[in-house]
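Single-structure report; data block below.
The values are calculated or read from the model by the stated rules, or taken from the named source; none is laboratory data. Keep in mind the model is a prediction, meaning the values are calculated, not measured. All Cβ positions, glycine included, derive from the backbone under ideal geometry; neighbour counts span all protein chains shown. Quick note on the areas: whole protein, heavy atoms, side chains included, nothing else; ligands and nucleic acids left out. Shrake-Rupley method; radii C 1.70, N 1.55, O 1.52, S 1.80 Å.
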Amino acid sequence: METFVAVDVETTGLDFETERLIELAAVRFENGSVVAEFQALLPPGKTLTAIARLLTGLNETELNAAPPVADTLKAFLAFAGTLPLVAHNAGFDGTFLRLALEREELPPLPGPWLDSLLLARAAWPEWENHRLDFLAGRLSIPRDAEHRALPDARRAGEVFIAAQRSLRDSASPATWQMFAKLAATSAGWKLVFSGE
């Protein structure tokens, strides 16, 4: 599956209930190539921690000047449409986005979520770690700004495609049986492992 929307978020912290989105980016891939990008800052409605400022390079002045959260989320929903969504550690990005949409009383994202981290672990279990920056280095994917949503979304999409191709070329029959079981539990993973 090489047509999807890769997503990444930056947040004020890690707690889903108390922290907020500060940056949202998405990259639409069609047949394995980038065809469109979406990037937006979001006002957090709270003081930015020193660690969030340090990691992202963002500051409260630029965040507070961003359009209202609801407007940005509506634009993101239009950009993503019904395509499958890919993120590196999809549970994190997906949960933050789901909660942000609920707070703004907007509809949920219809596309299934798929995890480039999970797929990378399956494709390269022998590699010492599967952090996005490490994978980008091993796969010779350009590593521009880290901890910014747009380059991280682009890298997640590239890793997702590379992992699928690696598995297609080298996975054992036992591994494919495991994938068939996973595909049977999720429409999203069925797209990846059965080609439907």
_For a quick check of your reading: which strands (runs of 3 or more DSSP E) sit entirely within segment 1-57 and have at least 1 residues that are open to solvent by 30 Å² or more (accessible area, probe 1.4 Å) and without any contact (Cβ under 8 Å) to a residue 60 or more places away in the chain?_
21-30, 33-41
*For segment 15-52, enumerate the residues that are at pLDDT 95 or above and basic (Lys, Arg).*
ARG20, ARG28
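Okay, residues lined up against (1) open to solvent by 20 Å² or more (accessible area, probe 1.4 Å); (2) over 27 Å from THR12 (Cα atoms):
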residue: ALA80; (1), (2): no, no
residue: ALA87; (1), (2): no, no
residue: ARG98; (1), (2): yes, no
residue: GLY111; (1), (2): no, no
residue: ARG143; (1), (2): yes, no
residue: ALA153; (1), (2): no, no
residue: GLU158; (1), (2): yes, no
residue: SER166; (1), (2): yes, yes
*Are any of the residues in segment 58-71 assigned to a helix (DSSP H, G or I) and polar (S, T, N, Q)?*
yes
*Starting from residues that are assigned to a helix (DSSP H, G or I) and touching a Phe, Trp or Tyr at 6+ places or on another chain (Cβ under 9 Å), keep the ones in segment 125-141 and report whichever is farthest from ILE161 (Cα to Cα).*
PHE134
*asked:* Taking the conditions exactly as written (in a helix (DSSP H, G or I) and touching a Phe, Trp or Tyr at 6+ places or on another chain (Cβ under 9 Å)), does GLY94 satisfy them or not?
replied: yes
